[in-house]
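Structure, as structure tokens:
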Amino acid sequence: MDVQKFQVVLSAKDFEKTTAFYGAILGLPVSHSWDRYDGRGAYFACGDAFIEVLDEQSAKHVEILEHGDRVGVTAKALRVGVQVSEVDALHRELEKSGERPTPLVDVPWGHRSFRVADPDGVVLTFYAERDV
């Protein structure tokens, strides 16, 4: 398999709140967005990958286009891991913004990390490598 791009696609119950979380709170830049008859969406650049946020109308439209009337496969357990250079600084910024990240932890496999949930309950783990 030759992977050329990786993305995480999220269906947001509250599009404004979710896009504000990824854009204004986490500081991810919007690389592309749209507001059309079939719904709204936004791509947030995330290193070499991106996070795509769709409103419910757009997510339903994509489901119909990609799967027709077949039952779609819905992820029940998703956690997104994001490596950052300054995990402690990001943790402080999130606390200042009113978000509730978990405490920072140093795990045995060499990461310093914390978790925070987006407005739709998607758990993000932010981590930085550390010397073990």
In segment 12-32, how many residues are under 23 Å from L94 (Cβ atoms) and either over 14 Å from the mean Cα position of the chain (by Cα) or surrounded by fewer than 14 Cβ atoms within 10 Å (Cβ to Cβ) (or both)? 9
Within segment 94-132, tally of residues that are modelled with pLDDT under 90, part of a loop (DSSP other than H, G, I, E, B) and of a type in the set (A, V, I, L, M, F, W, C): 4
Failed condition for D88, given (1) modelled with pLDDT of 95 or more; (2) farther than 16 Å from F126 by Cα: (2)
Matching entry among D55, D48 (being surrounded by fewer than 11 Cβ atoms within 10 Å (Cβ to Cβ), touching a Lys or Arg at 6+ places or on another chain (Cβ under 9 Å) and of a type in the set (D, E)): D48
Could you tell me whether V87 is buried (at least 17 other Cβ atoms within 10 Å of the Cβ) and in contact (Cβ under 8 Å) with a residue 40 or more places away in the chain? yes
Restricting to segment 12-22, and then to whatever is touching a strand residue (DSSP E or B) at 6+ places or on another chain (Cβ under 6 Å) and of a type outside the set (F, W, Y), can you tell me which residue is nearest to H61 (Cα to Cα)? A12
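One line per residue, one yes/no per condition, for (1) of a type outside the set (A, V, I, L, M, F, W, C); (2) in a strand (DSSP E or B); (3) modelled with pLDDT of 95 or more:
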{"site": "Y22", "(1), (2), (3)": "yes, no, yes"}
{"site": "H32", "(1), (2), (3)": "yes, yes, no"}
{"site": "R40", "(1), (2), (3)": "yes, yes, yes"}
{"site": "F50", "(1), (2), (3)": "no, yes, no"}
{"site": "K60", "(1), (2), (3)": "yes, no, no"}
{"site": "E66", "(1), (2), (3)": "yes, no, no"}
{"site": "A75", "(1), (2), (3)": "no, no, no"}
{"site": "V80", "(1), (2), (3)": "no, yes, no"}
Being exposed (fewer than 15 other Cβ atoms within 10 Å of the Cβ), in contact (Cβ under 8 Å) with a residue 24 or more places away in the chain and charged (D, E, K, R) narrows it down to one residue among E99, E129, E95; which is it? E129
Flag if V30 is under 15 Å from L124 (Cβ atoms) and not assigned by TED's automatic domain parsing to the domain that holds K96: no
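The values are calculated or read from the model by the stated rules, or taken from the named source; none is laboratory data. Just so it is clear, the model here is predicted, and its values are computed rather than measured. Counting neighbours? That spans all protein chains shown, and the Cβs are built from the backbone with ideal geometry, glycine included.
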